[in-house]
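Structure first, then comments.
The values are calculated or read from the model by the stated rules, or taken from the named source; none is laboratory data. This is a predicted model, so every value here is computed, not measured. All Cβ positions, even for glycine, are placed from backbone atoms using ideal geometry, and neighbour counts span all protein chains on display. Accessible surface is based on the protein model in full, side chains and every heavy atom, while ligands, DNA and RNA are left aside. Shrake-Rupley method; radii C 1.70, N 1.55, O 1.52, S 1.80 Å.
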Amino acid sequence: MGRYILKRISSIIPIVLIASFITFLMIHLSPVDPAEAYLAAAHVYPDDEVLAQKRHELGLDQPIPVQYVQFLSKMVRLDFGLSYTSNQPVWQEVALRMPATIQLAFSSIILAILISIPLGFLSAVYKNGVIDYISRMISYIGASIPSFWLGYLLVFLFAVKLDWFPVEGRGGWEHLVLPSITLAISFVAVYTRLLRTTVLEQLQEAYVRYARARGIKEKVIMLKYVLRLAILPVITGLGMNMGKLLTGAVIVEQVFSWPGFGRFFVEAIIDRNIPVIQCYVFMSACLVIGFNLITDLIHLYLDPRIARKGRAAQ
């Protein structure tokens, strides 16, 4: 098992390097000159001499391999340069906004788990029953409603008409309710249907029949064996989506004026703030890679056969 874990950890190193190189190339593939964008953000309209001086300060006049090595060395220290609009370190700006995004991401994921796992499991156990029909209806509605439309609908109904929750911004728990529901609905739709399908598949496996023949209680079979294996695809989905959520649920943060990383990214695009965009892209890649690794390790804990299959494949 230890060898499998080390192999998985070492396999992400080249992926991170590729992600860093793609992030670095954004400067050279972009039609926007970083020096010109920096000066424009400061409301400076330079001549060629000032522009050349700024390009020299940013290191854009050096060979591309040298620029990439410098970029990589700074990135390891979480140095993404200065924001064009505030002239503050990008990482400092990101650190101010990440707590809001983390709060929103985890609250929506927890809400999705609390709803989808019991609902998906019960809809499979009581197939074609009332719970199953309710879960199907929730899944169809959640999968078909766009997040931005649902967000505006919830704002109109619960904030404007009923005045139960605030319209926008971040504050107490009441500010978190509507954006968390907006984000969680789509996850509930996917995970409920996914868990229902995998539970039904597990119920057809031979080990379930053998366990029943041995007289093991149905509750033990369902919770200890069936659910433990059926939940693996759901964990995979959670792992893949956590990385995306932690780099900002862009649309939802815009709808609810949530001061998170996603909204900061949209503002950076409007302002042509290239260091912030680079930071966002690289962090997105690293978080997705990291959570996929965590997901694999959780899979290994729940199903140790994965390590044995890996050794057999070698």
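A few points about this structure:
- Each residue in region 116-130 was checked for being on the phi < 0 side of the Ramachandran plot and either open to solvent by 70 Å² or more (accessible area, probe 1.4 Å) or in contact with a strand residue (DSSP E or B) (Cβ under 8 Å, 6 or more places away or on another chain) (or both), and 3 of them qualify.
- Considered as a group, the residues in region 132-157 that are open to solvent by less than 60 Å² (accessible area, probe 1.4 Å) and in contact with a helix residue (DSSP H, G or I) (Cβ under 6 Å, 6 or more places away or on another chain) include one that is nearest to I185 (Cα to Cα), and that residue is G142.
- Meets criteria (at pLDDT below 80 and not in a loop (DSSP other than H, G, I, E, B)) for Y4: yes
- Y207 vs. criteria surrounded by fewer than 16 Cβ atoms within 10 Å (Cβ to Cβ) and in contact (Cβ under 8 Å) with a residue 12 or more places away in the chain: yes
- For region 210-222, taking the residues that are aliphatic (A, V, I, L, M) and open to solvent by less than 80 Å² (accessible area, probe 1.4 Å), the one that is nearest to Y126 (Cα to Cα) is identified as M222.
- Residues in region 57-88 that are over 32 Å from the mean Cα position of the chain (by Cα), within 18 Å of N273 (Cα to Cα) and either open to solvent by 40 Å² or more (accessible area, probe 1.4 Å) or modelled with pLDDT of 80 or more (or both): E57 alone.
- Residue within region 89-101 that is out of contact with any Ser or Thr (no Cβ under 9 Å at 6 or more places or on another chain), open to solvent by 20 Å² or more (accessible area, probe 1.4 Å) and either among the polar types (S, T, N, Q) or under 30 Å from D132 (Cβ atoms) (or both) present: no
- Only one of the numbered conditions (1) touching a Gly at 6+ places or on another chain (Cβ under 6 Å); (2) touching a residue at least 60 places away in the same chain (Cβ under 8 Å); (3) within 21 Å of I251 (Cβ to Cβ) is not met by S186, and that is (2).
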